[in-house]
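This report concerns only the one structure given below.
Coordinate-derived values only; no laboratory data. The model shown is predicted, which means the values in this text are computed figures rather than measured ones. All Cβ positions, even for glycine, are placed from backbone atoms using ideal geometry, and neighbour counts span all protein chains on display.
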Amino acid sequence: MLTDESATRELGAVIAGALVTGDLIALSGDLGAGKTTLARAILRSLGVAEEVPSPTFTLVQRYRTQKLTVSHFDLYRVENASEMNELGLEDALDEGAALVEWPENGLPARLQLEALTICLTALDHGRREIRASGPARWRPVFIKDIS
Ligand SMILES: Nc1ncnc2c1ncn2[C@@H]1O[C@H](COP(=O)(O)OP(=O)(O)O)[C@@H](O)[C@H]1O
Ligand SMILES: [Mg+2]
């Protein structure tokens, strides 16, 4: 459970601290659940000072940070596999880490298998239910959210 937006930002900081090249973070949840807010927190923690817009229209935004390059994708408007291929997600993972909103809109299954998937659900008063699944190395990051 994330009790408020600052808890989401703290989670972003912890994820940022563990993020390495090749990592794929799939951010799942309805519109307004907090996917972009969490992605922005991760990027801010990595030292990104420029604006971090939602990539709803550009589909991908790339950020070079001191630690690694991070590509922020939003698949909301992706309609088919060829559009997905053109986005260069595989290249992004060779080059750095990827944060992917709306993974259910076309994230290839083999990448889904390797991803840390974070599913956010809006509750009342800024609270967010959070469910995470993926590689075991991420478990310490989420252990406090299991109760
Ligand atoms: N605990 C929280 N975590 C994330 N966002 C929150 C939280 N509480 C309130 N919010 C608000 O909810 C909205 C989430 O929007 P956004 O991150 O763009 O969602 P999404 O990308 O999932 O559509 C923002 O306006 C944010 O300020
Ligand atoms: Mg978003």
Check: residue 63 versus (1) on the phi > 0 side of the Ramachandran plot; (2) assigned to a strand (DSSP E or B): which is the lone unmet condition?
Finding: (1)
Next item on the list: For residue 59, state whether it is within 13 Å of ligand 2 (Cβ to nearest atom) and more than 28 Å from residue 136 (Cβ to Cβ).
Entry: yes
Checklist line | Qualifying positions in segment 58-77 - more than 15 Å from residue 22 (Cβ to Cβ), polar (S, T, N, Q) and buried (at least 16 other Cβ atoms within 10 Å of the Cβ) | finding: 61, 65
Note to self: Suppose the filter is farther than 18 Å from residue 102 by Cβ and small (Gly, Ala, Ser); does residue 16 pass it?
What the structure shows: yes
Next item on the list: Please work out which residue is farthest from residue 118 (Cα to Cα), limiting yourself to segment 66-90 and to residues that are away from ligand 1 (no atom under 16 Å from the Cβ) and part of a loop (DSSP other than H, G, I, E, B).
Entry: 66
Next item on the list: Please determine, by comparing only the residues of segment 25-47 that are assigned to a loop (DSSP other than H, G, I, E, B) and away from ligand 2 (no atom under 16 Å from the Cβ), which one is farthest from residue 71 (Cα to Cα).
Entry: 47
Check: Within the bounds of segment 91-101, is there any residue that is within 16 Å of ligand 1 (Cβ to nearest atom) and out of contact with any helix residue (DSSP H, G or I) (no Cβ under 9 Å at 6 or more places or on another chain)?
Finding: no
Check: Restricting attention to segment 1-24, and to residues there that are among the small types (Gly, Ala, Ser) and part of a helix (DSSP H, G or I), which single residue is farthest from residue 137 (Cα to Cα)?
Finding: 6
Next item on the list: Would you check which residues across segment 101-140 are within 16 Å of ligand 2 (Cβ to nearest atom), outside any helix (DSSP H, G or I) and under 25 Å from residue 5 (Cβ atoms) and list them?
Entry: 101, 102, 117, 118, 119, 120, 121, 122, 128, 130
